[in-house]
Each structure stands twice: as C-alpha cells, then as structure tokens.
Amino acid sequence: ELERVRGLVEADGHGSGEAATYVCDLTDLDAVDALAEQVLAEHGSVDYLVNNAGRSIRRSLDASYDRFHDVERTMAINFFGPVRLTLALLPAMRAQRFGAVVNILSWGVQLKAPKFSAYLASKTALDTWSRIAAREAYGDNVTFTNMRFGLVRTAMVAPTAAYDGLPAMSPERAAEHVVRAL
C-alpha cells in the first residue's frame with residue numbers, strides 16, 4: 001500500500017513529485033528513534049508530520065477488569081509512539097523555523113463516549129500534549145492541529161457491527177481535510 005501511494009505522489013508531480021516510504025512499528029520506541037534518525041539523515045528535516053496511526057478498542061468497563069493490556073496497547077500506538085516521533089522530529093522543524101504537525105483524534109475526545117475508555121484516554125492525552133507543545137513551538141513557526149473526526153469508514157471500524165448503519169465519512173474525504181489542515 002505504501003508503494004502504491006508513493007507511486008501516486010510521484011505521478012501527481014508530473015515527473016517532479018518525490019516520495020519516500022518507511023515502515024515502522026510505532027509501539028517499538030527504539031524503532032521510532034531509528035526511523036526519525038534515518039529520515040533526518042536522508043532529508044535533513046520534516047516539514048509536515050501527520051500522526052494518524054491508531055488502535056480503537058470498544059469494550060465496557062465490566063468486560064475490561066482483567067484487560068489492562070488494552071490500556072497499554074492503546075496508549076502505545078495512540079500516544080507514546082506519536083509523541084516519541086514528534087519529539088524526535090521537532091528540533092529540526094524548530095531549527096528550520098517551519099513545520100506542521102497534524103494529529104488525528106476522535107470526536108469522542110469531546111463526548112467521552114461509553115465503552116471507549118482506553119481509546120479516548122489515549123487520544124485525549126495526545127490532544128492535551130499537542131496543545132501544550134503548540135504553545136511552546138509557536139514562536140518557531142511550528143504549528144499543531146488536532147483533528148477530531150467522527151466515524152470514518154476504515155478497516156479499523158469494520159469489526160464493530162454497531163457502526164454498519166451509521167453515517168460515516170469516507171477515508172478520501174478525511175484525507176482532504178487533513179491536506180487542508182496542513
């Protein structure tokens with residue numbers, strides 16, 4: 001899939017478009033550090049970062065008492081990984097005096113929907129961390145945008161039958177919003 005998207009980017013550039021792809025397990029913090037090191041070595045800095053990785057778990061508290069690992073897994077991918085990557089790339093953004101970080105959150109950050117305690121806690125943590133980082137990096141012309149999407153029809157939501165009849169945004173439309181935010 002990454003290679004397909006890379007090809008589209010390069011084709012859209014009418015021969016001048018450039019794209020590089022990298023694979024990284026954001027739950028492996030050493031791998032995140034290695035990714036940032038490689039990207040900075042190859043490109044010098046990053047202008048735009050979109051933190052879109054996510055894990056959602058829909059489970060009531062009654063069904064979660066013996067599942068603390070759900071909290072650990074969601075915090076790892078939804079909070080620790082994006083923060084680690086952002087911290088690794090941020091000094092170069094600030095040094096070049098330009099950068100934009102977009103974090104994909106959830107409408108649930110505002111609503112606090114039942115059965116999503118682990119997921120929404122992790123997205124709320126990223127929201128709060130980024131708001132504070134934005135205030136500190138603003139003077140260096142590095143911006144942070146936290147996007148709180150409603151339901152987007154992706155593979156992540158497919159296993160939840162309760163979503164089948166609900167209206168949802170297409171991934172393509174969500175991507176248009178992200179590009180606009182950048």
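The values are calculated or read from the model by the stated rules, or taken from the named source; none is laboratory data. Source: prediction; values computed, not measured. No Cβ is skipped: glycine too gets one built from the backbone with ideal geometry, and neighbour counts run over all protein chains shown. These area figures cover heavy atoms from the full protein model, side chains too; ligands, DNA and RNA do not enter into them. Shrake-Rupley method; radii C 1.70, N 1.55, O 1.52, S 1.80 Å.
Does F144 satisfy the criteria of being open to solvent by less than 40 Å² (accessible area, probe 1.4 Å) and in a loop (DSSP other than H, G, I, E, B)?
On the way: open to solvent by less than 40 Å² (accessible area, probe 1.4 Å): yes; in a loop (DSSP other than H, G, I, E, B): no.
So F144 does not fit the description; no.
Suppose the filter is part of a loop (DSSP other than H, G, I, E, B) and without any contact (Cβ under 8 Å) to a residue 24 or more places away in the chain; does A31 pass it? The answer is no for A31. Within segment 63-104, the only residue that satisfies the criterion of being of a type in the set (A, V, I, L, M, F, W, C), within 23 Å of F149 (Cα to Cα) and either open to solvent by 60 Å² or more (accessible area, probe 1.4 Å) or in contact with a Cys (Cβ under 7 Å, 6 or more places away or on another chain) (or both) is F80. The single condition from (1) buried (at least 16 other Cβ atoms within 10 Å of the Cβ); (2) within 25 Å of R67 (Cα to Cα); (3) out of contact with any Ser or Thr (no Cβ under 6 Å at 6 or more places or on another chain); (4) modelled with pLDDT under 95 that F149 fails is (2). Considered as a group, the residues in segment 47-62 that are more than 15 Å from the chain's Cα centre (by Cα) and of a type outside the set (D, E, K, R) include one that is most open to solvent (accessible area, probe 1.4 Å), and that residue is L61.
Return yes or no: is A168 over 30 Å from D30 (Cβ atoms), without any contact (Cβ under 8 Å) to a residue 24 or more places away in the chain and surrounded by fewer than 18 Cβ atoms within 10 Å (Cβ to Cβ)?
Details: over 30 Å from D30 (Cβ atoms): yes; without any contact (Cβ under 8 Å) to a residue 24 or more places away in the chain: yes; surrounded by fewer than 18 Cβ atoms within 10 Å (Cβ to Cβ): yes.
So A168 passes the test.
In the condition set (1) over 27 Å from A162 (Cβ atoms); (2) not in a helix (DSSP H, G or I), R59 is compliant with all but (1). Every condition in (1) open to solvent by 20 Å² or more (accessible area, probe 1.4 Å); (2) under 11 Å from N51 (Cβ atoms) holds for W107 except the one numbered (2). For A20, the conditions (1) in contact (Cβ under 8 Å) with a residue 40 or more places away in the chain; (2) open to solvent by less than 80 Å² (accessible area, probe 1.4 Å) all hold with the exception of (1). Among residues of segment 124-182 being within 19 Å of the chain's Cα centre (by Cα) and among the aromatic types (F, W, Y), the one that is nearest to R58 (Cα to Cα) is F149. Does at least one position in segment 57-67 carry a residue that is of a type in the set (K, R), without any contact (Cβ under 8 Å) to a residue 24 or more places away in the chain and on the phi < 0 side of the Ramachandran plot? Yes: one or more hits.
Of the residues that sit in segment 152-161 and are closer than 17 Å to N78 by Cα and either in a loop (DSSP other than H, G, I, E, B) or touching a residue at least 40 places away in the same chain (Cβ under 8 Å) (or both), which one is least open to solvent (accessible area, probe 1.4 Å)? Within segment 152-161, the match that is least open to solvent (accessible area, probe 1.4 Å) is V157. If you check L120, L89 for being within 24 Å of D30 (Cβ to Cβ) and either touching a residue at least 60 places away in the same chain (Cβ under 8 Å) or assigned to a helix (DSSP H, G or I) (or both), only one passes: L89. Here V5 does not fit the description of being within 28 Å of A95 (Cβ to Cβ) and either out of contact with any His (no Cβ under 9 Å at 6 or more places or on another chain) or touching a residue at least 24 places away in the same chain (Cβ under 8 Å) (or both).
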